[in-house]
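The structure under discussion appears below in the form of structure tokens.
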Amino acid sequence: MSRRPRIRFDERGLTAIMRLPEVRAALHNKAEEIAGRAKTIAASEIDDGFASEIHVSDETRPSGRAVAKVEATRSDAAGHEWGSTNTQRRRVLGRAAGVQPQTIFPDRSDRP
């Protein structure tokens, strides 16, 4: 009887991969794609000034993981994303990224 091969995940390998310039470039390119969609949505639904303040920032987490973030830096950005008493909720960044609430918080109603 043959044994199935055992695979052991080595965290050090993943950390090394996440530091590669090619991985960082791929993350940045995906963030630029999302930022482009966000700017289009913002320009059509809010104004060009809001669209011009959507940027991509690259950073490295303390764990060594590379991150590329799409950020809206205008002071009322959170209000437009999540809504407030004075601002309609538009979810510019969430819609541009294709994030739906159910993908963030999966339905767990069938759990005991």
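The values are calculated or read from the model by the stated rules, or taken from the named source; none is laboratory data. Model, not experiment: these values are computed from the prediction. Counting neighbours? That spans all protein chains shown, and the Cβs are built from the backbone with ideal geometry, glycine included. For the accessible areas, the whole protein counts, side chains as well, though only heavy atoms, and no ligand, DNA or RNA atoms are used. Shrake-Rupley method; radii C 1.70, N 1.55, O 1.52, S 1.80 Å.
If I filter the range 105-112 for residues that are at pLDDT 90 or above and open to solvent by 60 Å² or more (accessible area, probe 1.4 Å), do I get at least one hit? Outline the logic, then answer.
Initially, the range 105-112 is screened for residues at pLDDT 90 or above, giving none.
Checked against the condition, which is being at pLDDT 90 or above and open to solvent by 60 Å² or more (accessible area, probe 1.4 Å), the range 105-112 yields no hits at all.
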* Structure fact -> Among (1) under 30 Å from Gly13 (Cβ atoms); (2) loosely packed, with under 14 Cβ neighbours inside 10 Å; (3) among the β-branched types (Val, Ile, Thr), Val70 falls short only on (2)
* Filtering the range 7-32 down to residues that are closer than 15 Å to Ala97 by Cα and of a type in the set (D, E, K, R), which residue is nearest to the chain's Cα centre (by Cα)? -> Lys30
* Structure fact -> Checked the range 69-93 for anything closer than 14 Å to Ala51 by Cβ and outside any helix (DSSP H, G or I); matches are Val70, Glu71, Ala72, Thr73, Arg74, Asp76, Arg90
* Asked: Would it be correct to say that Ala51 is assigned to a helix (DSSP H, G or I), out of contact with any helix residue (DSSP H, G or I) (no Cβ under 9 Å at 6 or more places or on another chain), free of Cβ contacts under 8 Å to residues at least 24 places away in the same chain and not acidic (Asp, Glu)?
  -> no
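Return a yes/no flag: does the range 29-36 have any residue that is out of contact with any strand residue (DSSP E or B) (no Cβ under 8 Å at 6 or more places or on another chain) and of a type in the set (A, V, I, L, M, F, W, C). I'd like the intermediate steps shown before the answer.
Quick first cut of the range 29-36, residues out of contact with any strand residue (DSSP E or B) (no Cβ under 8 Å at 6 or more places or on another chain) only: 29, 33, 36.
Then drop every residue that is not of a type in the set (A, V, I, L, M, F, W, C), which leaves none.
Within the range 29-36, not a single residue is out of contact with any strand residue (DSSP E or B) (no Cβ under 8 Å at 6 or more places or on another chain) and of a type in the set (A, V, I, L, M, F, W, C).
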